[in-house]
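Scroll down for the structure; my scribbles are underneath it.
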Amino acid sequence: MPQSTLANWLARKQSQVAQSTTESESLAQTQNEQLESTRRSEREEAPKSSRPLLGLAKPIHAQFRSRLPANVTIELCQERYLPGYRKMNALLLQIPYREEFYKETMEDEVIASVTRLALWHERSSTAASPTATEAKLVAAIRCRVLASPPEDPYEKAPVLYISTLTTLGPFREHAIASHLLAEVTRLAIELYNVKAVSGHVWEANEDGLEWYKRRGFRVVAHEPEYYRRLAPKTAALVIRRDVGPTDLLTA
C-alpha cells in the first residue's frame, strides 16, 4: 500500500475512533443526567413523613416501647382472682407467702391501690355466646408505699416499693410486666406523690436484675442475709429516682 494511502487510512480510523469515543461519552453523560433527574423527581414527590428529619432524634427508648395486647386488661385484685394469684406466686417466686400477705393485699387500702393484675382474655369454647371470653391471670404486681427510700430512712420522700412482680413464662414476650409497673407507678405518683420506685432482687436472679437495669434502676446496696431460706441469701436493692410512668415502658 502506498505511503500516502496508508496515511489517509490511519487518519480515517483515528477519526472514527475519536467520534465513537465522543458518542459513548455523550451517551453516558445523558444517561447519568436522566438517572439524576429521576432520583430528584422521586425525592421531590416522596411524602414528607418518609424523609429523614435532621435534628429530630427519637427518644432513646422509643424503639423498645410496645403496646399492651388488646386482649389484656389490667384490673384491681379481687377475691375471685386470689386462688390464681396464690398459685402463680407459689410457682414463680423463690419464697412462700403466708395468708397474711394476701389478706393485707385485699384489706390495706394503700396496698390495694398499688396492686394490679393482668388478665389474658380468650374466646370461650364452651360459652353459649360467641363473644364470651375466658380470663386467665397471667401477671401481677403488688406494691407498698414507703415513707422513705429503703437505703436512706432519714430521707423523707415517699417511695413505691415493689413487693412482688410476676409473669407466667408463655406471656413474657408481651411486655405485660412493664405495663403493670407503669400503671402502678402512675397511680402512686397521682395518689401519693412518689418520686422513686424501689425493690429487692435476689442476687442469683440475673435476668431480673437486667430487667430492672434496662428500666433505669440502679443497684444501691447488697443485703447479705435478706433471703434466709435461699442460697445465696443476698438481695440487691434497686431504685429508680425521678421516675415517670412512661419511663418504665421498656421491653
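Every number here is computed from the coordinates shown, using simple stated rules; none is lab data. In this text, all values refer to a predicted model and were calculated from it rather than measured experimentally. So basically every Cβ, Gly included, is an ideal-geometry build from the backbone, and we count neighbours across all protein chains shown.
Points to keep in mind about this one:
- Net length gained if the chain between Glu190 and Leu76 were fully extended (0.36 nm per residue, minus Cα distance): 39.4 nm
- Calculated FRET efficiency for the pair Arg229/Lys156, C-beta based, R₀ 41 Å, to 0.05: 0.80
- Scoring 138-147, 205-214 by mean Cβ neighbours within 10 Å over their residues and listing the highest first yields 138-147, 205-214.
- Cross-link table Lys136/Lys195; Lys87/Lys233; Lys103/Lys213, entries beyond 28 Å C-alpha to C-alpha: Lys136/Lys195; Lys103/Lys213
- Taking a ≥ b ≥ c as the square roots of the eigenvalues of the Cα gyration tensor, an a/c ratio of 1.5 or more together with a/b larger than b/c marks segment 85-229 as prolate.
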